[in-house]
1. Mind checking the angle between helix 120-143 and the chain's longest principal axis? C-alpha axes, 0 to 90 degrees, to the nearest 10.
2. Mind grabbing the accessible area of residue 52 for me, 1.4 Å probe, Å², rounded to tens?
3. Once label points are set 7 Å from the Cα along Cα→Cβ at both residue 147 and residue 58, what is their separation, rounded to one decimal in nm?
4. Hey, any idea what the orientation-averaged projected area of the convex hull of the range 58-151's Cα atoms comes to, in nm²?
5. Going by average Cβ density within 10 Å per residue, which order do the peptides 70-81, 20-31 take, highest to lowest?
6. Under the definition of Cα pairs under 8 Å and six or more residues apart, what whole-number percent is the relative contact order of the chain?
7. Put a dot 7 Å past each Cα toward the Cβ at residue 124 and residue 66; how far apart are the dots in nm?
8. HN-Hα J couplings of the range 25-32 from phi, Karplus 6.51/-1.76/1.60, θ = phi - 60°, integer Hz, Gly and Pro as x?
Amino acid sequence: MPNRVYDVLFLCSGNSARSILAESILRKEGEGRFRVHSAGSRPKGFVEPLALKVLEALDYPTEGLRSKDWREFAEPGAPQLDFVFTVCDAAAGEPCPVWPGQPMTAHWGIEDPAAVEGAPFERERAFGQAFRYLKNRIGVFTSLPIASLDRLALSKKLDEIGTIEGASTGAVVPFERASA
């Protein structure tokens with residue numbers, strides 16, 4: 001199906017920085033091919049101002065970005081997800097809800113720019129770096145011939161994307177499924 005639109009969910013525990021950046025990047029880079037969402041296991045309830053600043057400075061969409069609970073995507077009527085990517089080590093190790101659609105999953109962890117302390121320019125640089133790492137991963141993802149790859153080959157490619165420059169160094173337990 002060449003005109004198929006895929007639903008993608010980016011997860012991070014707080015859903016305030018990394019998953020928000022990824023949502024915006026894929027919205028722009030994959031426009032027309034992907035419906036993009038983000039959520040968190042313990043959402044902070046706000047989007048980091050520096051995430052918004054970096055996105056706006058680079059002309060990426062910020063409209064409608066909000067910190068939300070991942071349970072929104074496991075409820076009846078939620079989008080049938082095709083892909084779920086964790087972008088922080090904490091979310092990757094947590095028991096996830098059962099997602100509608102039995103999506104393919106991968107861990108694309110990067111360090112948390114919101115955890116960087118220091119001068120404002122150092123914090124902004126961390127957000128810019130997180131943006132670049134995510135943009136590189138998403139660029140590889142959007143170039144994949146998704147429809148022509150079998151599930152096993154696609155899964156391998158998605159896992160490889162998580163090892164691209166900038167991968168976080170924390171030990172990660174692969175996705176766990178919460179009992180239904």
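1. Taking Cα atoms only, the helix is inclined about 20 degrees.
2. Around 50 Å² of this residue is reachable by solvent.
3. 2.9
4. On the way: hull surface 31.6 nm².
Dividing the Cα hull surface by four gives the mean projection, 7.9 nm².
5. Working: 70-81: 14.7, 20-31: 22.9.
The densest-packed peptide leads the list: 20-31, 70-81.
6. On the way: 351 pairs, mean separation 45.1, N = 180.
Relative contact order of the chain: 25 percent.
7. Modelled inter-label distance: 2.9 nm.
8. Those phi angles translate into 4, 5, 4, 7, 6, x, 3, x Hz.
The values are calculated or read from the model by the stated rules, or taken from the named source; none is laboratory data. Quick caveat: nothing in here was measured; it's all calculated off a predicted structure. Every residue, glycine as well, gets a Cβ built from its backbone with ideal geometry; the counts of neighbours run over all protein chains shown. Just the protein is used for accessible areas: all its heavy atoms, side chains included, with ligands, DNA and RNA removed. Shrake-Rupley method; radii C 1.70, N 1.55, O 1.52, S 1.80 Å.
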